[in-house]
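In what follows, a single structure is set out as C-alpha cells and then discussed.
The values are calculated or read from the model by the stated rules, or taken from the named source; none is laboratory data. Please read all numbers here as calculations on a predicted model, not as lab measurements. Cβ: placed from backbone, ideal geometry, glycine included. Neighbour counts: every protein chain shown.
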Amino acid sequence: MKAKDKLIETARKRFELAQSRESQDRTARLDDLRFSVLLEQWPQDMKNRRENDPNGARPCLVVDKTNQYVRQIVNDIRQNRPSIKVRPVNDDADEDVAQVIEGLTRHIEDKSRADMAYDYAAESAVRCGIGYFRIRTDYVNSDAFEQEIIIERVTDIMSVYLDPESVEPDGSDAKWGFVITSMTKDEFEDAYPNADPIDFQTDKDLNWFGEEKVVVAEYFYLQQQPANMLFLEDGTTQIEADYWEAVKAGAPKLNILKTRPTKKTVCKWVKMNGKEALEEERVFPARYIPIIPVIGNEGFVDGKRILTGIIRSAKDAQRLYNFTRSAFTEAVALAPKAPYIAAAGQIEEFPEWADANSKNYSVLRYKPVSVGGTVVGAPQRQPFAGVPAGLAQDMEIAEHDIQSAIGMFKASLGQESNEKSGRAILARQKEGDTSTFHFADNLARSIAHCGRIIVEMIPKVYDTERVVRIIGADGTPDHARINPEQDQAMVEEPGADGAVGKIYNLGVGTYDVTVTVGPSYNTRRMEAADAMTQILNGNPNLMQIIGDLYFKSMDMPFSDEIAQRMKKMLPPPLQEQEQGAQPELPPQVMAQMQQMQQTVQQLDHVIQQQTQEIEQLRFEQKAKVIESQAKITEAKVHQEAELARALADVEIAKANAVDPGRLEAAEIILSQLMAVIQAQQQPMPPAQPMPPAQPMPLPVPPDDIQMPDIPPSM
C-alpha cells in the first residue's frame, strides 16, 4: 500500500472513531444550541398536538429565561479577558526577549482579532459545553514569502472532530484532529480541477451541508520520529539533526558530551477528500494540534467524559415556565369568552349573538319571552372566574428553578432582591460569579495553551531578519528588530545617530507562558481616574502632586496634552525625568555636547595608546628583573663556592697545625665571606628595576697564606 493511500485510510478510521464516540454528545450539544439559539424549547410532538387541537389551536409560548444568564457570563468574560504573559525559563533566555515575544503575541492577537475567537469559543462552552478556536499560518501578502501567525475562530463547533482520547481541558494531549468544511461543486472544481468531488464523510452526521456541497477535511496528526538527543559542552541539549543544521548555517561547533535516543514530535497537516490528498502534506511549526477547545462543565461517568453548558440542566425548568406561561395566557384569553345565559327563544332570531363575546356591538337585540306568565329578564353574561392563583405561583417557582439550575440569581443580574445592605448584595453577586467562574478559568487555560503554541511557532515562522510590530501592555504599538542568525538572545548595536539599538533572536532560550485574568488596561485606567477623582474631591491640594497622572488616566480629548503641562508644573522635587527619557536641549547645548563627545573619543584613543605603551614597559621591566635575578643567583653560587673553599682551607690548616696567625687570618676571611653572602640574601622590591648584578669582590687573603685547591668531590 502506498504511503498516501495508507494516510487516507488511517485518517478515515480515526474520523469514524471520533464519530462513533461522540455521536450522543453531538446530538445533545446540537439540541442545546437549538434550545438556546433557535428557541426550539417545546417538544415537537407536544407542540404538534397543541397547534392541531380540534377545539382550536392552543398557545405554545416561548418566554426564554436562559439567554440572560448566557449573556451575563459571556460579557463578564469579555470585561476580564485573559492576557498572555511570557517569562524566561533557562539561562539562555533574556527578559527583554520575553517582552518582545509577549508584544509580538499581542500583535498577533490584535491583527487576528483573536478576541472574537476567544469570545465565541467561550459562548459555545457556556451554551453547550465546548467551543473551539484554531491557529494557522498564512503569507503576509500575496507577493511575499514571509509568513505570519493567525488565530482564527471556529463558528461551527460541529465541524471539529478532536481525538476522543484527549482529556486535558485545553486539548494539549490530543494526537490528531479534523476540521470539516464544505464547498460548492463549482468552488471545488475551480480549486482542485484534477480531483474527484468525493465527500470526506462516512456517516449521516455530515448531511447538514446539503447534497450540493462537497465535504473536505483538514487533517492534523502528530508523528513520533526517532532522533538522537545531544548534550553539549555549554550545558544545552539539542536534537542531532537540528544541531548539525545549525552548524552548517554558521553556528559554533561545540563538543558533544553525551547522546541518547529520543523521539521528536512533529505535527503534520494535509487537506483531503474521501479519496485523495488535495494538497501536499506539510509540517506545522509546533508540537501540538493547533485546534484548541474551550470547555464548560466537565464530568466523567463510567470512564466517559461528559461536557455540558448551563442550558442542559435548565431545560426542564424552562419548559415548565413556558407551559405555565402558556396556560396563564390561555386562561386570560378566555376572559372575554364567558358565556351568556339566555332563555329559549330570546336570541335565536338575532345572529349577532353568535360572536357577541368576540366583537364589540353597540346594541344587542333580544326577544322578550315569558315563562309561566312571568317575563324573563334580558340575557346575562356569567362573571369570569379569574386566572387560577396556582399558575402565577408555578411561574415564580419555575423561574427560581432556572436560577438554581444555572447557579445565578437575580442579584447577579443587577436586580433588587431581599438583600438591603451593600455587603449582602455584594455577597449574593459574588455567589453567582463564583458558581460560574470555571467558565472563565477554562478559557484562561485554553488561551495559555494557545500562547505556548505561539511561542513555539514564533522562531520557526519569523525565521528571517526583519522588523516586527509589537504591542505593549497598555496597547502602545512599537517595533523590534529580529535576527534569527545571531548567537545571543539580544545584541546591542550602536546606530548612525549614536543611539544604541537592540537586535533580538527569538529562538535562543526557553520561555514559558502564564495567563492573567482581569480588566483590560483601558478599564483599569478608567477605574484609576474614578478613584483619583474621589481622592481629589476630599483633598484638592493633591492636584499639584498627582495632576499629571490624573489627566493622563482620563479618556477625553487633549488629556495627554494637559497631563504634559501639569507635569511641568510639578514641584521641583518631583521634576524628575522618566527613566530612559531625555530632556529637550537647545541647539547650542547639543553642539557643545557633540564636541565634548568627540573630545572624549579622542581622549579614549590616547588612553588606549598609553595603556599599550605602559603594558610594553611593564613587560620590558619584568624581563630586566628576571635577568637581574638570574645574575644575582649566579653570583651567589660563585660566592658559596668560594666560601666552601675557605672552610676547607681552615680545616686543612687546623689539621696541619699551622701558625695561629695564619689560622686567624683565614677565619677573618671566612667571616667576611659569610657577611657578603648574608647581604646578598636580603629580598629586593620586585616592582623596581635593578641594575645588572655584579659579583661582589672577595677579600684577598694575605700573600703568605696559600689557599689549597679544593678537590671536586667536596
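Could you run through segment 79-100 and say how many residues are under 12 Å from VAL508 (Cα atoms), in contact with an Asp or Glu (Cβ under 9 Å, 6 or more places away or on another chain) and β-branched (Val, Ile, Thr)?
Total meeting the criteria: 1.
Given the conditions (1) part of a loop (DSSP other than H, G, I, E, B); (2) at pLDDT 85 or above, and given that ARG325 satisfies all but one, which numbered condition is not satisfied?
(1)
When segment 266-310 is examined, which residues are found to be closer than 30 Å to ARG127 by Cα and part of a loop (DSSP other than H, G, I, E, B)?
Across segment 266-310, the qualifying residues are TYR288, ILE289, PRO290, GLY296, ASP302, GLY303, GLY309, ILE310.
Considering only residues of segment 141-163 that are of a type outside the set (A, V, I, L, M, F, W, C) and in contact with a strand residue (DSSP E or B) (Cβ under 8 Å, 6 or more places away or on another chain), which is surrounded by the most Cβ atoms within 10 Å (Cβ to Cβ)? Step through it out loud before you land on a result.
Keep residues of segment 141-163 that are of a type outside the set (A, V, I, L, M, F, W, C), which gives 141-143, 146-148, 152-153, 155-156, 159, 161, 163.
If we keep only those that are in contact with a strand residue (DSSP E or B) (Cβ under 8 Å, 6 or more places away or on another chain) too, we end up with 146-148, 152-153, 159, 161, 163.
Working: GLU146: 12, GLN147: 17, GLU148: 17, GLU152: 18, ARG153: 19, SER159: 19, TYR161: 24, ASP163: 22.
Filtering segment 141-163 for residues that are of a type outside the set (A, V, I, L, M, F, W, C) and in contact with a strand residue (DSSP E or B) (Cβ under 8 Å, 6 or more places away or on another chain), the one surrounded by the most Cβ atoms within 10 Å (Cβ to Cβ) comes out as TYR161.
Could you pull out the residue among PRO59, PRO54, PRO82, PRO88 that is modelled with pLDDT under 90 and over 44 Å from the mean Cα position of the chain (by Cα)?
Working: PRO59 fails: modelled with pLDDT under 90; PRO82 fails: over 44 Å from the mean Cα position of the chain (by Cα); PRO88 fails: over 44 Å from the mean Cα position of the chain (by Cα).
Selected residue: PRO54, the only one of PRO59, PRO54, PRO82, PRO88 that is modelled with pLDDT under 90 and over 44 Å from the mean Cα position of the chain (by Cα).
So TYR132 passes all but one of these: (1) in a strand (DSSP E or B); (2) under 30 Å from MET490 (Cα atoms); (3) out of contact with any Ser or Thr (no Cβ under 7 Å at 6 or more places or on another chain). Which condition number does it fail?
Answer for TYR132: the failing condition is (2).
PHE384 fails exactly one of the following numbered conditions: (1) at pLDDT below 70; (2) loosely packed, with under 10 Cβ neighbours inside 10 Å. What is the number of that condition?
(2)
Out of all the residues in segment 333-351, is one or more at pLDDT 75 or above and either assigned to a helix (DSSP H, G or I) or closer than 29 Å to ILE310 by Cα (or both)?
The first filter runs over segment 333-351 and keeps only residues at pLDDT 75 or above, leaving 333, 339-351.
Then keep just the ones that are either assigned to a helix (DSSP H, G or I) or closer than 29 Å to ILE310 by Cα (or both); that gives 333, 351.
Yes: segment 333-351 contains one or more residues that are at pLDDT 75 or above and either assigned to a helix (DSSP H, G or I) or closer than 29 Å to ILE310 by Cα (or both).
Condition first: in a helix (DSSP H, G or I), under 23 Å from ALA529 (Cα atoms) and modelled with pLDDT under 75. Now tell me which residues in segment 560-596 satisfy that. Let's see the steps before the verdict.
Residues of segment 560-596 in a helix (DSSP H, G or I): 560-568, 572-574, 587-596.
Now drop any that are not under 23 Å from ALA529 (Cα atoms), which leaves 560-568, 574.
Scanning segment 560-596 gives a single hit, LEU574.
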